[in-house]
1. Confirm whether V55 is within 14 Å of the ligand (Cβ to nearest atom) and either more than 16 Å from L199 (Cα to Cα) or surrounded by 21 or more Cβ atoms within 10 Å (Cβ to Cβ) (or both).
2. Check the range 182-192 and report whether any residue there is within 16 Å of the ligand (Cβ to nearest atom) and buried (at least 20 other Cβ atoms within 10 Å of the Cβ).
3. For residues that are in a strand (DSSP E or B) and modelled with pLDDT of 90 or more, tally how many sit in the range 190-236.
4. If you check G132, G60, which single one turns out to be surrounded by fewer than 16 Cβ atoms within 10 Å (Cβ to Cβ) and part of a loop (DSSP other than H, G, I, E, B)?
5. Does the range 103-115 contain at least one residue that is modelled with pLDDT of 95 or more and basic (K, R)?
6. Evaluate the range 35-42: report whether one residue or more is more than 22 Å from D218 (Cα to Cα), more than 21 Å from the chain's Cα centre (by Cα) and more than 9 Å from the ligand (Cβ to nearest atom).
7. Hey, among L167, L128, L158, which residue is within 29 Å of E39 (Cβ to Cβ), within 16 Å of the ligand (Cβ to nearest atom), touching a residue at least 24 places away in the same chain (Cβ under 8 Å) and among the hydrophobic types (A, V, I, L, M, F, W, C)?
8. Taking into account only those residues within the range 6-34 that are modelled with pLDDT under 95 and either basic (K, R) or under 18 Å from the mean Cα position of the chain (by Cα) (or both), which is farthest from the ligand (Cβ to nearest atom)?
Amino acid sequence: MATVRGLVKTYPAVRGRRGAGSPEVRANDGIDLDVRGGEIFGLLGPNGAGKSTLVRQLTGLLRPDAGAIDLLGHDLVRHPDRASRLVGYLGQESSALDELTVGLAAETTGRLRGMDVATARAERDHVLAELGLEGLAGRPIKRLSGGQRRLACFAATLVGDRPLLVLDEPTTGMDPVARRAVWAAVDRRRAERGVTVLLVTHNVIEAETVLDRVAVMDGGRVIACDTPAGLKAMVADEVRLDLVWRDQPPLAVPAIAALREEAAVSGRRWTLRLPQARARTVVAEVTGGPAFAALDDFTLATPSLEDVYLALGGRQKGLVKA
Ligand SMILES: Nc1ncnc2c1ncn2[C@@H]1O[C@H](COP(=O)(O)OP(=O)(O)OP(=O)(O)O)[C@@H](O)[C@H]1O
């Protein structure tokens, strides 16, 4: 479906007054990727990993400095204009559609994608009903809440069958009902029409539940690519222990002071990735001894994709668990 080889994209340095400029950024640093037909393929990585830069090249909006992109047999580096016929793209920012009503945005997208008026309107009605947006059809997109706006833009993206949907953090700001509607709509298109989906996310839970395969990105590179289960198997012998202290951690307890060295500390929360046997010992120490009185809460969990990212050497704290 889509093949990417050796993709490089550097944003040039910007010179500003009194040293206020910015240095050049190598946002994609030699990326290889194979997305198969009919799969939901994810790009997971923290802020600034290069995910949006990659998908903007895949959608013909940005020209790579080097490398090759093949989409359904089309050379997108040479013919970026062809992407618009192959890809339904939902970018991070809402677009020119903002001025239109929800209904007109969906209909106009259909028309721009070559549908006649009647077909575009039928598709508009179908998609708005599917996503529970009928009640908002007459409202201008710019007057909606953040989550509603995202859902309206997603609706427009779905109009006019495209074999590949590229969705850049589609569910940002959405409530759980809207999120479920998005994933149900994606699943339906895959089941009924074999649509392929490329999904950008830094939400670990979402990635684990909806993706068939995931490429983990960091610093402009793909640092791993596999099924969520395959990636998690890399850290299967580890567990994650979260300790939340009531106030100050009891550093006078030697076992706790020693643990402090291994923990990622975020306010009152300590997060530890430990081999299973050692986690059992630590839990016994924390819950059995004098430290227990200082403990507000603790959780023991199997590894998530965030743990995989950290184990692979990921340095940013940009992945979210909710
Ligand atoms: N137009 C631009 N000009 C200069 N630098 C840019 C531009 N767009 C992105 N960058 C830089 O390129 C790097 C990759 O950015 P990109 O938007 O691709 O990351 P991302 O993984 O999509 O991040 P996020 O999760 O925040 O959306 C970052 O360091 C960013 O600051």
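The values are calculated or read from the model by the stated rules, or taken from the named source; none is laboratory data. All figures in this text were calculated on a predicted structure; none of them were measured in a lab. Cβ sites come from the backbone with ideal geometry, for glycine too, and all protein chains shown count toward neighbours.
1. Details: within 14 Å of the ligand (Cβ to nearest atom): yes; either more than 16 Å from L199 (Cα to Cα) or surrounded by 21 or more Cβ atoms within 10 Å (Cβ to Cβ) (or both): yes.
When the stated conditions are applied, V55 passes them.
2. Start the filter on the range 182-192 by keeping residues that are within 16 Å of the ligand (Cβ to nearest atom), which leaves none.
There is no residue in the range 182-192 that is within 16 Å of the ligand (Cβ to nearest atom) and buried (at least 20 other Cβ atoms within 10 Å of the Cβ).
3. Restricting attention to the range 190-236, the residues satisfying the condition of being in a strand (DSSP E or B) are 196-201, 203, 213-218, 221-226.
Of the ones still in play, those that are also modelled with pLDDT of 90 or more are 196-200, 213-218, 221-226.
Total satisfying the criteria: 17.
4. Numbers: G60 fails: surrounded by fewer than 16 Cβ atoms within 10 Å (Cβ to Cβ).
The conditions single out G132.
5. no
6. no
7. Numbers: L128 fails: within 16 Å of the ligand (Cβ to nearest atom); L158 fails: within 16 Å of the ligand (Cβ to nearest atom).
Unique residue meeting the criteria: L167.
8. Filtering the range 6-34 for residues that are modelled with pLDDT under 95 and either basic (K, R) or under 18 Å from the mean Cα position of the chain (by Cα) (or both), the one farthest from the ligand (Cβ to nearest atom) comes out as R18.
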